[in-house]
Amino acid sequence: MREILVIGVGAGDPEQVTMQGVSALNRVDVFFVLDKGEVKQELVDLRSEILRRYATSKDYRVVVGRDPERDRTASAYVEAVDDWRRRRADVCAEMIASELGEDQVGAFLVWGDPSLYDSTLAILDDILARGELEFGVEVIPGISSVSTLAARHKVGLNQVGRPIQITTGRRLAAGWPEGVDDVVVMLDAQTAFTEHLDADIYWGAYLGTPDEILISGPLREVASEIEKVRAEARDRKGWIMDTYLLRRPR
């Protein structure tokens, strides 16, 4: 039976690939890549560098599919994401069916860790639920952008005896989560941190890559700097991937 590996490859630094990840890379016959277009070509290039360094024990092929466009303006957010994932599943199912032999191993390389704000596992579940393809799935964890953020700023994610919450910019914009003083925020397209100027921030963009940017301090002092640097970086590269920790004094 076909087997699909979902391999976490870290936040962007090829040296964050784990030894377990390297072993998995060398079992793969076909690597599947979703092409996001020229704007994010450097992400494809980073994947290629990971394969060049570590996938050295057998011949493999790379199969590229076109990543469907996602409607980011839709008012029905959940429904829009579900539709996008279904169309992504269509592309992935076609690649697996046409390019992976019955006794071969395929793989998707996932930035960070596959368990944290990534759609690959849900897409594979969708494909299996359709009943048209059969394959096994194995997940290899990776170093997340959240772990990388804390390491770069040399801080712990939680305060002593206190919980943390990982959420999105969309949820943070609706208000600070109850019962926590430490909030890790991902997928923030609108700089929702500007509504919480009583907190400290540890912010990072393009973590693990040569373009990494780090800013930290009381939000009242650094919020405008982060907004400026973030906007300039996005204009320069055409995209932004950032994560941050907000910490309120106890």
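Observations, loosely collected:
- Remark: region 1-92 carries a charge dipole of roughly 240 debye about the Cα centre, counting +1 on each Lys and Arg Cβ and -1 on each Asp and Glu Cβ.
- For the chain, with +1 on Lys and Arg beta carbons and -1 on Asp and Glu, the positive-most of Phe108, Leu149, Ala174 along the dipole: Leu149
- Close amide H pairs (under 5 Å, H built 1.01 Å from N) link Ile4 with Gly106, Gly136, Val137, Glu138, residues at least 5 positions away or on another chain.
- Our estimate of slack between Glu227 and Gln159, defined as 0.36 nm per intervening residue step minus the Cα-Cα distance, is 21.8 nm.
- Using the Cβ-Cβ distance between Leu197 and Ala151 with R0 set to 35 Å, the FRET efficiency from 1/(1 + (r/R0)^6) comes to roughly 0.85.
- About its Cα centre, the chain has a charge dipole of approximately 560 debye under the convention of +1 per Lys or Arg Cβ and -1 per Asp or Glu Cβ, with nothing else charged.
- In a simple Cβ point-charge model (Lys, Arg +1; Asp, Glu -1; nothing else charged), region 129-213 has a dipole of about 80 debye relative to its Cα centre.
- Three-way shape label, region 123-250, alpha-carbon gyration tensor, a/c 1.5: prolate
- For the chain, the average shadow cast by the Cα convex hull is 14.3 nm², which is a quarter of the hull's surface.
- Cα gyration tensor category, rounded, prolate or oblate, for region 81-190 with a/c compared to 1.5: prolate
- Gyration tensor (alpha-carbon) shape descriptor, region 82-131, a/c threshold 1.5: oblate
- Most to least packed among 120-132, 151-163 [average Cβ atoms within 10 Å]: 120-132, 151-163
- The chain: calculated mean residue ellipticity at 222 nm from DSSP helix runs of at least 4, using -39500 (n - 2.57): -11000 deg cm²/dmol
- Theoretical gain in end-to-end length, Arg220 to Arg87 [0.36 nm per residue, Cα-Cα removed]: 43.7 nm
- Taking the centroid of alpha carbons for each part, region 230-250 and region 118-185 are 17 Å apart.
- In range of the label at Ala189: residues from region 84-124 whose backbone nitrogen is under 15 Å from the point 7 Å along Cα→Cβ: 84-85
- The DSSP beta bridges internal to region 85-243 are antiparallel in roughly 65% of cases.
- Inter-probe distance in nm under a simple model that places probes 7 Å from Cα toward Cβ, at Ser23 and Arg248: 4.4 nm
- Gained length - Arg234 relative to Ala129, 0.36 nm times residue gap less alpha-carbon distance: 34.0 nm
- Extending 7 Å from the Cα toward the beta-carbon at both Ser119 and Glu49 defines two label points whose distance is 2.6 nm.
- For the chain, with all protein chains in place and a probe radius of 1.4 Å, 47% of the accessible heavy-atom surface sits on carbon or sulfur.
- Estimated from the Cβ-Cβ distance and a Förster radius of 35 angstrom, the FRET efficiency linking Gln41 and Glu79 is about 0.70.
The values are calculated or read from the model by the stated rules, or taken from the named source; none is laboratory data. Computed from a prediction, not measured in an experiment: that's the story for all the values here. Virtual Cβ from ideal backbone geometry, glycine too; neighbours counted across all protein chains shown. Side chains included, ligands, DNA and RNA excluded: accessible areas come from the protein's heavy atoms. Shrake-Rupley method; radii C 1.70, N 1.55, O 1.52, S 1.80 Å.
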